[in-house]
Amino acid sequence: MKCKVCGMEINEKNYNFNELAFINKNSEDNIIYCPFCGAGKKYLVESDEIIKVDSNLLNENALKILDHAVKLELFNGDFYTTAASMAKNSEVKKVFEALANIEKFHSRLHQKLGGFTKTPNLNKVNYDKYNSDSALLELAKQKEEHAVSYYEKYKNEVNDHKLFEIFKALADVEKEHIILVKE
Ligand SMILES: [Zn+2]
């Protein structure tokens, strides 16, 4: 099985990766999420028909939107890594770790889509003042809401319908994260 959004091959060895980043769980005979990018069942196919974006066909604006998306997801991924190290509850810690993997994967996906070769070197943000699990979860919710609104706004501004579809799929992934960090 393949994920149309990120192109990853899903098999019996990896179907349960990042399990804690999802509300429902994949099982070997019922795979409902891509364990890498989080895309839902409708994006998982048995064929090779993955969504291919040709970065040469993207205009300046779409490339700028993708460049920003690389950074947005990287900031969020770094946040989750830090939040995982700060969280006191072990379950919350594991959820943050799984979310860090997914968001960093999204960042690399955008990098690939835009044909960008360099990973940006972002400033480290200090999250020390979020010194309780509930404060970290609240900030996580805000970051996910921001990501959803980013994808929903800019999916209409990119000049490529395949990229539109990818943004739509990722908006759904981040919407589920909002629910996940609220629980
Ligand atoms: Zn995927």
Exercise. Considering the stretch 32-54 alone, what residues qualify as being closer than 20 Å to I179 by Cα, more than 10 Å from the ligand (Cβ to nearest atom) and either of a type in the set (A, V, I, L, M, F, W, C) or touching a residue at least 40 places away in the same chain (Cβ under 8 Å) (or both)?
Worked result: I32
Exercise. Of all the residues that make up the stretch 92-114, how many are more than 16 Å from the ligand (Cβ to nearest atom), in contact (Cβ under 8 Å) with a residue 12 or more places away in the chain and not aliphatic (A, V, I, L, M)?
Worked result: 4
For this session: Evaluate the following for S85: is it farther than 18 Å from N18 by Cβ and of a type in the set (S, T, Y)?
Result: no
Exercise. In the set D128, D172, which member is outside any helix (DSSP H, G or I) and charged (D, E, K, R)?
Worked result: D128
Exercise. Can you tell me which residues in the stretch 107-144 are farther than 21 Å from H177 by Cα and either among the acidic types (D, E) or crowded, with 20+ Cβ neighbours inside 10 Å (or both)?
Worked result: Q111, L113, G114, D128
Seminar exercise, completed: If we keep only residues of the stretch 1-28 that are outside any loop (DSSP other than H, G, I, E, B) and touching a helix residue (DSSP H, G or I) at 6+ places or on another chain (Cβ under 8 Å), then the residue farthest from the ligand (Cβ to nearest atom) is L20
Seminar exercise, completed: Among the residues of the stretch 109-127, the number that are under 19 Å from A84 (Cβ atoms) and not aromatic (F, W, Y) is 4
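How many residues, within the stretch 35-51, are in contact with a helix residue (DSSP H, G or I) (Cβ under 7 Å, 6 or more places away or on another chain) and assigned to a loop (DSSP other than H, G, I, E, B)? Give the derivation first.
Our first condition is that a residue be in contact with a helix residue (DSSP H, G or I) (Cβ under 7 Å, 6 or more places away or on another chain); within the stretch 35-51, this holds for 36-40, 43, 51.
The next check asks that each one be assigned to a loop (DSSP other than H, G, I, E, B); those that pass are 36-39, 51.
Residues in the stretch 35-51 being in contact with a helix residue (DSSP H, G or I) (Cβ under 7 Å, 6 or more places away or on another chain) and assigned to a loop (DSSP other than H, G, I, E, B): 5 in total.
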Exercise. Of all residues in the stretch 92-106, which are closer than 25 Å to N56 by Cα, in contact with a Leu (Cβ under 9 Å, 6 or more places away or on another chain) and surrounded by fewer than 22 Cβ atoms within 10 Å (Cβ to Cβ)?
Worked result: K104
For this session: Answer yes if at least one residue in the stretch 68-91 is buried (at least 16 other Cβ atoms within 10 Å of the Cβ), in contact with a Gly (Cβ under 8 Å, 6 or more places away or on another chain) and modelled with pLDDT of 95 or more, and no otherwise.
Result: yes
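The values are calculated or read from the model by the stated rules, or taken from the named source; none is laboratory data. On a predicted model such as this, the values are computed, not experimentally measured, just so you know. Cβ sites come from the backbone with ideal geometry, for glycine too, and all protein chains shown count toward neighbours.
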